[in-house]
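The next block holds one structure in the form of structure tokens; read it before the comments.
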Amino acid sequence: MGKLTREDVLKLARLAKLELTDGEVEKFRGEISEILAYVEQLQKVEVDDLEPTYQVTGLKNVTREDEVKDYKTTPKDLLKNVPAAQDNQIKVKRVLA
Amino acid sequence: MSQWGSVSSLVKDVQTRKRTAKELVQQSLKTIKENEDYKAIIATTEVRALKRADEIDRQIAQGEDAGRLAGVPFIAKDNFLAFGADTTAASNILKGFDTPYQATAIERLEAEGAICVAKANLDAFAHGSSTENSDFFATHNPHDKTRVPGGSSGGSAAAVVLDMAPFALGTDTGGSIRLPAAFCGAVGYKPTYGLVSRYGVIAMASSTDVIGPLTRSVEDAALVLDVMAGKDEFDSTTIERGKEGYTDLAGNLKGKKIGLIKEYFDGLDEDVKKVIDAATIKLKKAGAEVVEVSMPSLPLALAVYYIICPAEVSSNLSRYDGQRFGFSAKDVKDIDESYKKSRSQGFGSEAKRRIMIGAYVLSSGYYDAYYKRAQTVRTKLINEFKEAFSNVDFLLGPTAPSTAFKIGQNTDDPLKMYLTDIMTVAVNLVGVPAISVPAGEISGLPVGLQLIAPQKKDRELLEMADKTEELLK
């Protein structure tokens with residue numbers, strides 16, 4: 001894989017909801033390309049029929065009862081850091097045009 | 001020499017009213033103040049800490065049981081939610097975040113009488129190996145102010161070595177407890193994945209994040225782990241604590257089989273090698289059997305990590321969108337602009353870099369080639385560790401390829417910075433416990449020795465490390 005293009009970096013930024021300055025685009029283009037070139041070594045590894053591992057201690061489907069419990073933390077505690085709240089809900093700009 | 005002594009002796013002093021919790025907290029706050037120029041601390045929790053100290057002193061005066069850590073001050077890395085100060089993860093996007101509840105680890109320590117006195121500096125969101133990625137300021141190494149303390153728990157490691165508190169908490173996603181412990185000359189313990197609840201700790205890479213202590217001795221680390229370990233209803237990845245607990249370190253080295261990790265010694269810095277070799281000779285003399293072990297896929301671990309970690313980072317950092325909490329950009333015309341402006345102005349360079357790498361390796365067309373492939377090589381690593389542990393009880397190697405480097409030395413080269421973690425990341429990918437203990441010095445700078453055990457053999461590892469520490473004193 002060759003070096004990322006300017007357009008590649010802008011696409012990644014768009015996916016990640018980031019706005020980059022021209023300087024940042026150039027900087028990240030070089031740095032991310034270098035890191036991707038480093039991880040490229042994995043392409044050559046023999047993995048035969050191995051399965052990927054996502055959970056290392058072997059836990060599976062940890063569930064709990066779906067019931068309401070009382071905890072010390074109140075909705076007020078949880079909403080105190082919200083930039084804009086109203087009636088115990090988070091207020092955002094309109095989503096649908 | 002430390003002003004604190006062991007944690008258990010401090011607790012005894014407080015319980016027998018030889019010293020008060022208040023004196024200990026004041027002593028801790030004073031030491032923090034005297035060492036401000038190392039920039040290890042983001043904020044103290046002074047008001048709340050003193051109030052809690054009074055409460056513990058009152059309990060003891062009334063003959064109540066104040067707990068196994070009664071009156072012991074500690075410092076938490078600032079990615080733990082702890083009352084008494086804001087929780088920032090050393091990031092601008094969380095600056096001013098008013099702690100709404102506490103991490104399970106903090107709750108458990110407090111339930112046994114420990115007192116959080118301050119929040120320590122870190123690489124923002126724990127992204128880094130030097131604490132230079134803090135959005136606020138870099139921390140200095142206690143042994144040489146021109147050098148880094150390691151990272152990302154650099155503030156916690158420096159704080160312990162500067163005697164600011166008897167112990168500190170850190171998080172270790174790819175080496176972030178062990179590396180700063182090695183660079184600063186502290187003990188750093190990384191438990192088995194899931195042994196300590198991650199609830200209330202700001203997530204970095206959830207499949208490798210663990211919580212552990214930084215201390216002045218293995219015995220202290222074992223006690224702190226013992227208080228924190230075990231299942232938590234708020235973290236579904238937690239595992240049962242070991243039936244024996246973690247504080248029985250009575251066993252000895254005789255007959256223990258230790259595997260030297262060949263791949264960590266190939267091309268190793270000569271001075272670091274000398275220190276580790278000297279330690280190995282002492283272990284042999286003490287009756288341990290030492291053999292060489294090879295795990296051929298080990299050199300791939302860093303590449304695996306730098307796919308999995310950014311993938312999980314990009315997912316975990318998507319919640320910082322300017323709507324729910326944290327920095328929110330003003331004067332925006334619509335929600336999309338609010339997301340973009342809040343994130344672009346709030347995140348530092350390293351967070352942005354990791355988010356974009358994560359977006360890349362998870363995007364359609366690349367997912368199989370990068371993310372799935374990395375998780376498959378991870379299986380290969382797990383198998384090689386299993387194979388190694390079928391022959392030996394513990395694995396041994398250096399914690400880091402060098403001693404602490406100069407501030408600014410690696411900041412313009414992210415890949416070089418990432419290579420600092422080359423000897424620590426595999427442990428996180430495999431989920432096994434590991435510890436870094438001080439093994440010696442090179443030109444006044446500490447070197448860490450890393451011991452690794454199979455999953456859930458945390459007690460055995462601490463026992464082994466305790467004996468090793470005695471030999472190396």
Filter result for B:K456 (within 10 Å of chain A (Cβ to nearest Cβ) and under 19 Å from B:L302 (Cα atoms)): no
Meets criteria (facing chain B (nearest Cβ under 10 Å), out of contact with any strand residue (DSSP E or B) (no Cβ under 8 Å at 6 or more places or on another chain) and of a type outside the set (F, W, Y)) for A:E51: yes
Check on B:Y339, more than 7 Å from every other protein chain (Cβ to nearest Cβ) and aromatic (F, W, Y): no
Residue match in the range B:98-118 (condition: more than 14 Å from every other protein chain (Cβ to nearest Cβ), touching a residue at least 12 places away in the same chain (Cβ under 8 Å) and closer than 25 Å to B:I407 by Cα): yes
Every pair of residues 6+ apart whose Cβ atoms lie under 6 Å, when the first sits in the range A:1-20 and is outside any loop (DSSP other than H, G, I, E, B) while the second is among the aromatic types (F, W, Y) and surrounded by 15 or more Cβ atoms within 10 Å (Cβ to Cβ): A:V9/A:F28; A:L12/B:Y360
Pick from the range A:1-26, criterion among the basic types (K, R) and over 22 Å from A:E40 (Cβ atoms), ranking: farthest from the chain's Cα centre (by Cα): A:R14
The range A:55-70 residues that are more than 11 Å from B:G194 (Cα to Cα), paired with ones that are not charged (D, E, K, R) (beta carbon under 8 Å, 6 or more apart): A:V62/B:S236; A:V62/B:T237; A:R64/B:S236
Any chance A:V68 is out of contact with any Ser or Thr (no Cβ under 6 Å at 6 or more places or on another chain) and surrounded by 13 or more Cβ atoms within 10 Å (Cβ to Cβ): no
Residues of the range A:53-97 satisfying the condition of being assigned to a loop (DSSP other than H, G, I, E, B), β-branched (V, I, T) and in contact with a helix residue (DSSP H, G or I) (Cβ under 8 Å, 6 or more places away or on another chain): A:T53, A:V56, A:V92, A:V95
Single residue of A:K60, A:K72 found to be at pLDDT below 95, closer than 30 Å to B:I239 by Cα, within 8 Å of another protein chain (Cβ to nearest Cβ) and more than 22 Å from the chain's Cα centre (by Cα): A:K72
Matching residues, the range B:192-228, being more than 16 Å from B:E107 (Cα to Cα) and outside any loop (DSSP other than H, G, I, E, B): B:V210, B:L214, B:T215, B:V218, B:E219, B:D220, B:A221, B:A222
Flag if B:E292 is among the charged types (D, E, K, R) and in contact with a helix residue (DSSP H, G or I) (Cβ under 7 Å, 6 or more places away or on another chain): yes
Residue list for the range B:417-450, filter: of a type outside the set (S, T, Y), assigned to a strand (DSSP E or B) and crowded, with 21+ Cβ neighbours inside 10 Å: B:A434, B:I435, B:V437, B:P438, B:A439, B:P446, B:V447, B:G448, B:L449, B:Q450
Residue check for B:A311: closer than 29 Å to B:S443 by Cα, in contact (Cβ under 8 Å) with a residue 24 or more places away in the chain and not polar (S, T, N, Q): no
The range B:359-375, subset of a type outside the set (S, T, N, Q) and not in a helix (DSSP H, G or I), residue farthest from B:V313 (Cα to Cα): B:G365
Unique residue being among the charged types (D, E, K, R), at the interface with another protein chain (Cβ under 9 Å from one of its Cβ atoms) and either in a helix (DSSP H, G or I) or over 28 Å from B:F265 (Cβ atoms) (or both) when the list is B:R378, B:R354: B:R378
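The values are calculated or read from the model by the stated rules, or taken from the named source; none is laboratory data. If you're wondering where the values come from, they're calculated on a predicted model, not measured in any experiment. So basically every Cβ, Gly included, is an ideal-geometry build from the backbone, and we count neighbours across all protein chains shown.
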